[in-house]
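J.: One structure, pasted below without further comment.
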Amino acid sequence: MLPKLSLILGGASSGKSAFAESLVVNTGAPRVYLATAQAFDDEMRVKVAAHLAQRGTNWRTVETPLNTAEDLRQIMEAEVVLLDCATMWLSNHLLAESDLQAETDRLMDALATCKGRVVVVSNEVGLDVVPDNKLARRFRDAQGQLNQTIAAQADLAVLVVAGLPMVLKGDLP
């Protein structure tokens, strides 16, 4: 059985979202997709449309670029949530100049108290080169901390590389 909180990590285009989707689909439970991305350009609009087409119509989609904690509180016990992704959520808050610690605390509380099971997708950005500018370094450090915080609370943590899952914590259902 899928645990209460799972974290699926990976690099860009690693297969992490597809793997996370398969975990949710395999539960057979009603599915909720919490979408944190914002489509500000044509490239992103195409990517969002492709993700929607890939998922199909058996998902309830909630666009939640900033208010994810509130949306998690609306989840029913029978539902399974795919939060895709924590990286875009963090970027949105960083660019909005939110208090990152306060927002992270709200998110972690919502994850802990969510009535349904949650699968969080997030990018592993710590394997790359050191960014050449202050904002990018701040993002990388904040993302690393967010991933560690979610992983500490998660029952299952998986790193996906080249479409292959490597279990870091817990057991696959």
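The values are calculated or read from the model by the stated rules, or taken from the named source; none is laboratory data. Predicted model, so just to flag it, every value in this text is computed and none were measured. Every residue, glycine as well, gets a Cβ built from its backbone with ideal geometry; the counts of neighbours run over all protein chains shown.
J.: When you look at VAL120, is it in contact (Cβ under 8 Å) with a residue 60 or more places away in the chain, surrounded by 14 or more Cβ atoms within 10 Å (Cβ to Cβ) and closer than 24 Å to SER22 by Cα, yes or no?
T.: So VAL120 fits the description; yes.
J.: Could you check how many residues of the range 111-144 are outside any helix (DSSP H, G or I) and not polar (S, T, N, Q)? Reasoning before the result, please.
T.: Filtering the range 111-144 down to residues outside any helix (DSSP H, G or I) leaves 114-133.
Still in the running and not polar (S, T, N, Q): 114-121, 124-132.
Of the residues in that region, 17 qualify.
J.: When the range 1-17 is examined, which residues are found to be more than 22 Å from GLY144 (Cβ to Cβ), of a type in the set (A, V, I, L, M) and at pLDDT 95 or above?
T.: Within the range 1-17, the first condition is being more than 22 Å from GLY144 (Cβ to Cβ), and the residues that meet it are 1-4.
With the extra rule that they be of a type in the set (A, V, I, L, M), the set shrinks to 1-2.
Once the filter is applied, which keeps residues that are more than 22 Å from GLY144 (Cβ to Cβ), of a type in the set (A, V, I, L, M) and at pLDDT 95 or above, the range 1-17 yields only LEU2.
J.: To continue, here is another question. Out of the range 74-84, which residues are touching a Ser or Thr at 6+ places or on another chain (Cβ under 6 Å) and either surrounded by fewer than 24 Cβ atoms within 10 Å (Cβ to Cβ) or among the hydrophobic types (A, V, I, L, M, F, W, C) (or both)?
T.: Of everything in the range 74-84, just one residue is touching a Ser or Thr at 6+ places or on another chain (Cβ under 6 Å) and either surrounded by fewer than 24 Cβ atoms within 10 Å (Cβ to Cβ) or among the hydrophobic types (A, V, I, L, M, F, W, C) (or both), namely VAL80.
J.: For the range 125-141, give me each residue that is surrounded by 14 or more Cβ atoms within 10 Å (Cβ to Cβ) and in contact with a helix residue (DSSP H, G or I) (Cβ under 7 Å, 6 or more places away or on another chain).
T.: Within the range 125-141, VAL125, PRO131, PHE139 qualify.
J.: Show me the strands (runs of 3 or more DSSP E) entirely contained within the range 1-110 in which 1 or more residues are among the β-branched types (Val, Ile, Thr), in contact (Cβ under 8 Å) with a residue 12 or more places away in the chain and more than 25 Å from ALA162 (Cβ to Cβ).
T.: On the way: elements: 5-10, 31-35, 59-63, 80-84.
By residue number, 31-35, 59-63, 80-84.
J.: Out of the range 41-77, which residues are within 24 Å of ARG106 (Cβ to Cβ) and not charged (D, E, K, R)? Give the steps one after another, and end with the answer.
T.: Start the filter on the range 41-77 by keeping residues that are within 24 Å of ARG106 (Cβ to Cβ), which leaves 60-77.
Hits for the range 41-77 are THR61, VAL62, THR64, PRO65, LEU66, ASN67, THR68, ALA69, LEU72, GLN74, ILE75, MET76.
J.: I would also like to ask the following. All but one of (1) of a type in the set (A, V, I, L, M, F, W, C); (2) part of a strand (DSSP E or B); (3) surrounded by 13 or more Cβ atoms within 10 Å (Cβ to Cβ) hold for MET166; state the number of the condition that does not hold.
T.: Result: MET166 passes all but (3).
Yes or no, residue by residue, for (1) touching a strand residue (DSSP E or B) at 6+ places or on another chain (Cβ under 9 Å); (2) at pLDDT below 95; (3) on the phi < 0 side of the Ramachandran plot:
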residue	(1), (2), (3)
ASN92	no, no, yes
ALA96	no, no, yes
GLY116	yes, no, yes
LYS134	no, yes, yes
ALA142	no, no, yes
ALA151	yes, no, yes
VAL158	yes, no, yes
